[in-house]
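Chemist: Got a structure here, written out as structure tokens. Questions coming.
The values are calculated or read from the model by the stated rules, or taken from the named source; none is laboratory data. Predicted, not measured: the structure shown is a model, and the values here were computed from it. When we count neighbours, we look across all protein chains shown, and the Cβ atoms used for this are built from the backbone with ideal geometry, even at glycine.
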């Protein structure tokens, strides 16, 4: 074989997903994993799948197994247009682009927009998968100041005033990793700011339907449609293995995303798209979504209640109204990568927060917890173990500081 000298320089910016590497370690029996952002198998509509499959084959026949349009299977695009309109995003089927998971859109965004050295503005922390999608194209990241409610509009305004930003990347609903949801007044301010600066914003919304309390907040795309690429997925409300994402993008971004996709996979699986079209148009999602909410809501409550009882007082955490994650912050000086190793030894795992920062070394005192993959009893037990491990780590840190 030729040496690695044949590899493209962009591979210098590529690396394995830290979370997926952690999941390899924690997949052994007996482990309580709060690490992955994975939908629970119990959330899949297995009782509907046979009916959906039979209806799909009867309705579409061999067309469901044929090559199809790069933009997406027309019946699914129509169903998605209705679904998005119901969420306050008035659109048409022709404006919808279907992808192989929302990750496919993120890679396409990087491919068509980022030149080496271009500046991309994003939250800190942010979604690790977006960092992985953009990294091969060698951007420079500008971190926007946030608080417990998410991005600060004034901080975004300052960045856009001082820098040539290619685009902004946000996860406004139940953000990964923090679980925060951006309030309506900040969304309105952000919409006004990006229009004033003629800036492009990527609004990633994979968790918006997973709301357990409170009231949905209008999307930024609805407030500034010509300046926002809206991305979402069916992975959290149907089945992640089908790899179905979609986006609404202004021209010419939509046009170039289609051309980029043609070079990657020609089109997303026709049969999977046909299943999704039936799932949406047949009313299955409307019937099934309450089941997912009723599954995850009590799990989140069980984790938050147990954390309140078991975690040391020096730690704070978010209390999201939905989504899949809780974000924990400890005192400065703690190393959550080391703490995670100690937790894994006691058959409990999480993701150290440092992996969600664009700048290496940040967030070492933070961690992300997922609650969708464990039942309430296991979550309470995991919180007790983590509380004990965090307490021991805190005492050891304090001892080192006192010695120093």
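Chemist: In the set 72, 94, which member is surrounded by fewer than 17 Cβ atoms within 10 Å (Cβ to Cβ) and modelled with pLDDT of 95 or more?
Modeler: Exactly one residue qualifies, and that residue is 94.
Chemist: Can I ask one more? Given the residues 360, 302, which is the only one that is assigned by TED's automatic domain parsing to the domain that holds residue 36 and within 21 Å of the chain's Cα centre (by Cα)?
Modeler: Result of the check over 360, 302: 360.
Chemist: When residues of region 124-149 are filtered for being surrounded by 17 or more Cβ atoms within 10 Å (Cβ to Cβ) and in contact with a helix residue (DSSP H, G or I) (Cβ under 7 Å, 6 or more places away or on another chain), how many remain?
Modeler: 12
Chemist: Residue check: is residue 88 in contact with a helix residue (DSSP H, G or I) (Cβ under 9 Å, 6 or more places away or on another chain) and within 30 Å of residue 381 (Cα to Cα)?
Modeler: no
Chemist: Now for a separate question. Is it true that residue 214 is at pLDDT 95 or above and in a loop (DSSP other than H, G, I, E, B)?
Modeler: Considered against the rule, which asks whether it is at pLDDT 95 or above and in a loop (DSSP other than H, G, I, E, B), residue 214 comes out as yes.
Chemist: Then there is this: Determine which single condition residue 381 fails, assuming it passes every other condition in (1) farther than 18 Å from residue 330 by Cα; (2) outside any loop (DSSP other than H, G, I, E, B); (3) at pLDDT 95 or above; (4) touching a helix residue (DSSP H, G or I) at 6+ places or on another chain (Cβ under 7 Å).
Modeler: (4)
Chemist: Next up: Could you identify the single residue in 389, 339, 328 that is within 23 Å of the chain's Cα centre (by Cα), touching a residue at least 40 places away in the same chain (Cβ under 8 Å) and not assigned by TED's automatic domain parsing to the domain that holds residue 143?
Modeler: That would be 328, the only listed residue that is within 23 Å of the chain's Cα centre (by Cα), touching a residue at least 40 places away in the same chain (Cβ under 8 Å) and not assigned by TED's automatic domain parsing to the domain that holds residue 143.
Chemist: Please count how many residues of region 1-53 are modelled with pLDDT of 80 or more and touching a strand residue (DSSP E or B) at 6+ places or on another chain (Cβ under 8 Å).
Modeler: 8
Chemist: Report, ordered by the first and then the second residue, all pairs with beta carbons closer than 7 Å, sequence separation of six or more or different chains, a first member in region 57-77 that is closer than 24 Å to residue 95 by Cβ and assigned by TED's automatic domain parsing to the domain that holds residue 247, and a second member that is surrounded by 14 or more Cβ atoms within 10 Å (Cβ to Cβ) and at pLDDT below 95.
Modeler: Pairs that qualify, where the first residue is closer than 24 Å to residue 95 by Cβ and assigned by TED's automatic domain parsing to the domain that holds residue 247 and the partner is surrounded by 14 or more Cβ atoms within 10 Å (Cβ to Cβ) and at pLDDT below 95: there are none.
Chemist: Filter region 217-240 for residues that are part of a helix (DSSP H, G or I) and touching a helix residue (DSSP H, G or I) at 6+ places or on another chain (Cβ under 6 Å) and give the result.
Modeler: Once the filter is applied, which keeps residues that are part of a helix (DSSP H, G or I) and touching a helix residue (DSSP H, G or I) at 6+ places or on another chain (Cβ under 6 Å), region 217-240 yields 220, 223, 227.
Chemist: I would also like to ask the following. Quick check on my filter: what residues within region 53-64 are in contact with a helix residue (DSSP H, G or I) (Cβ under 6 Å, 6 or more places away or on another chain) and within 18 Å of residue 266 (Cα to Cα)?
Modeler: Scanning region 53-64 gives a single hit, 64.
Chemist: Hey, could you check region 182-206 for residues that are assigned to a loop (DSSP other than H, G, I, E, B) and in contact with a strand residue (DSSP E or B) (Cβ under 7 Å, 6 or more places away or on another chain) and say which is nearest to residue 113 (Cα to Cα)?
Modeler: Selected residue: 200.
Chemist: Could you figure out which of (1) over 21 Å from the mean Cα position of the chain (by Cα); (2) within 19 Å of residue 381 (Cα to Cα); (3) surrounded by fewer than 22 Cβ atoms within 10 Å (Cβ to Cβ); (4) in contact (Cβ under 8 Å) with a residue 40 or more places away in the chain isn't true of residue 297?
Modeler: Failed condition: (1).
Chemist: Another question, if that's okay. Return the total of residues in region 121-149 being touching a residue at least 40 places away in the same chain (Cβ under 8 Å) and not in a helix (DSSP H, G or I).
Modeler: Matching residues across region 121-149 total 11.
Chemist: Which one of these does residue 129 not meet: (1) touching a strand residue (DSSP E or B) at 6+ places or on another chain (Cβ under 8 Å); (2) closer than 30 Å to residue 352 by Cα?
Modeler: (1)
Chemist: Turning to a different aspect of this structure: Got a sec? Which of 393, 343, 308 is out of contact with any strand residue (DSSP E or B) (no Cβ under 8 Å at 6 or more places or on another chain), surrounded by 15 or more Cβ atoms within 10 Å (Cβ to Cβ) and part of a helix (DSSP H, G or I)?
Modeler: Only one candidate passes the filter, namely 393.
Chemist: Further question on the same structure: Pick out the one residue from 216, 240, 252, 225 that is surrounded by fewer than 19 Cβ atoms within 10 Å (Cβ to Cβ), under 15 Å from the mean Cα position of the chain (by Cα) and assigned by TED's automatic domain parsing to the domain that holds residue 113.
Modeler: Exactly one of 216, 240, 252, 225 is surrounded by fewer than 19 Cβ atoms within 10 Å (Cβ to Cβ), under 15 Å from the mean Cα position of the chain (by Cα) and assigned by TED's automatic domain parsing to the domain that holds residue 113, namely 240.
Chemist: Would you confirm whether or not region 241-255 contains a residue that is under 22 Å from residue 290 (Cβ atoms), touching a residue at least 60 places away in the same chain (Cβ under 8 Å) and touching a helix residue (DSSP H, G or I) at 6+ places or on another chain (Cβ under 8 Å)?
Modeler: yes
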